[in-house]
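Here is the structure we will look at.
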Amino acid sequence: MKTQVAIIGAGPSGLLLGQLLHRCGIDNVILERQTPQYVLGRIRAGVLEHGLVNLMREAGVSAHMDEHGLEHDGFTLAFQGRCHRVDMKALTGKSVLVYGQTEVTRDLMAARQASGAPVYYEAADVQPHGFLDGKPRVTFTHQGKPMTLECDYIAGCDGFHGVSRKSVPQERIRHFERVYPFGWLGLLSDTPPIEDELVYVNNPRGFALCSMRSPTRSRYYLQCSLAEQVQDWSDDRFWTELATRLPEDIAGKLVTGPSIEKSIAPLRSFVAEPMKFGNLFLVGDAAHIVPPTGAKGLNLASSDVYTLYHALRGALLDGRADLLERYSEICLRRVWKAERFSWWMTTLLHTFDDDPFGRRIQRAEQDYYTSTRAGLTTIAENYVGLPYEAVI
Ligand code: RFL
Ligand code: PHB
């Protein structure tokens, strides 16, 4: 089997890249380890920057998103008993779209199916080869049959635990990492959201986040210890703890109900450098992870896709293979800014077993950033998303 671009992973990165390439006539094959149902069952991000919204439109998959996405002009930060609205629209002229990663993935899967372009789900033993010596190919097993996919380029869109990054010789890659001493316990429920906009809360008992998927579906998170087990959190215990952490006037509006999903995610910052190894490109979570506090994970995956898509177009349609040489440098500049913001939002809003000095510094940061226009603008412009950089 032969294609121009072999894409490993059918998460949002792989599907979006595949769709964009397909639309401009670049042949590609997607290999995914899981079933489509498994991929759709993962409840993850919920906030889309305008860059991702635009890319969904460019990929021709925005009809459902344009109809059902909720445009948010601001969000609330609550700490020390007070609420501060970050008016993104007034401060930056931009807003974000609340639309779940599950829906983004479903829309992209439907488009892939309609296009007839190949995706191999339940592909086992996927392994990239030859990307450092100009003979890229991917081997895998499908329905018990060993297969080889010859290609010009390999896009490693296979997430943090994928095979692509692990296939790079150790001496060629450098990792930067920070692991946080807590996780997020998430709950999804068919209850109306507590507020029209997202509310991020710092409380001495820990961080809490009130988010949503639609006017009738809410998503809530609680900072929890890494030793916690989901089965120890009954719905009642979750709702009681959430209400305790929220400012009183907001807590009074909480509508509770049975959970549809509950899970714990560890928090991590991680970057692999570089993101290009010969003919192999790492994209999205395969190359970097952010703690979810800044809502940047999915959005960073999207900006990588944008850069790689334009560079591959240049290389395969216009004979500009030189553009691919800039992929890593362009992506990493934006990645590190999102890493910085996600780390900073995490330190601003979580409760650490800190020394009293650290706690006072956190309070001063909370006061400073919410009491000056400059501080609020800094938060807003990072939250709505820094600009994408084109490859020229
Ligand atoms: P994904 O979504 O992990 O998709 C990778 C795909 O590759 C497949 N795969 C393989 N396929 C073939 N062979 C192999 N050897 C393979 N190994 C893996 C996987 O099955 C999967 O389908 O990466 P992608 O596409 O780069 O997308 C990135 C986003 O999913 C990610 O950044 C965000 O979801 C991160 N994230 C969150 N981001 C936010 O902005 N807000 C959030 O609230 C938020 N919550 C989360 C999250 C990530 C989580 N993870 C990774 C555990 C909550 C969780 C639990
Ligand atoms: C979500 O709705 O899942 C969500 C929203 C904002 C975040 C993280 C997660 O910062």
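What follows is calculated from the coordinates using simple rules that are stated; it is not laboratory data. As the structure is a computational prediction, the values presented were derived from the model and not from experiment. Cβ sites come from the backbone with ideal geometry, for glycine too, and all protein chains shown count toward neighbours.
Remarks
- Summed side-chain charge close to SER13 - residues other than SER13 whose Cβ falls under 11 Å, Lys, Arg +1, Asp, Glu -1: -3
- When each of the peptides 101-112, 225-236 is scored by how many other beta carbons lie within 10 Å of its residues on average, the order from highest to lowest is 101-112, 225-236.
- Relative to one another, the C-alpha centroids of the stretch 324-372 and the stretch 60-90 are positioned 20 Å apart.
- Per residue of the chain, the DSSP helices (runs of n ≥ 4 H) give a summed -39500 (n - 2.57) that works out to -11000 deg cm²/dmol at 222 nm.
- Spatial offset of the stretch 133-202 relative to the stretch 12-47 amounts to 12 Å, using the alpha carbon center of each.
- Gyration tensor verdict on the stretch 264-390 (Cα atoms; rounded if a/c is under 1.5, prolate if a/b is larger than b/c, oblate otherwise): prolate
- When +1 charges are put on Lys and Arg Cβ atoms and -1 charges on Asp and Glu Cβ atoms, the dipole computed for the chain relative to its Cα centre reaches about 460 debye.
- Spherically averaged projected area of the chain from its Cα convex hull (nm²): 19.6 nm²
- Rounded to the nearest 20 debye, the dipole magnitude of the stretch 218-358 is 640 debye, with +1 charges on Lys and Arg beta carbons, -1 on Asp and Glu beta carbons, and the Cα centre as origin.
- Global geometry of the stretch 134-275, whether rounded, prolate or oblate, following the gyration tensor of its Cα atoms and the 1.5 cut on a/c: prolate
- Counting only Cα atoms, the size of the stretch 23-142 along its three principal axes is 57, 32, 32 Å, in decreasing order.
- Unsatisfied cross-links (Cα-Cα over 32 Å) in the set LYS262/LYS296; LYS94/LYS166; LYS166/LYS337; LYS89/LYS253: LYS94/LYS166
- The local environment of ARG85, defined by Cβ-Cβ distances under 15 Å, has a net charge of -3 under the rule Lys, Arg +1 and Asp, Glu -1.
- Isotropically averaged projected area of the stretch 1-42, using the convex hull of Cα atoms (one quarter of hull area), nm²: 3.1 nm²
- Protection-proxy order for peptides 79-86, 166-173, each taking the mean of Cβ atoms within 10 Å per residue, highest first: 79-86, 166-173
- Most simply put, the chain has about 75% antiparallel DSSP beta bridges, counting only bridges with both residues inside it.
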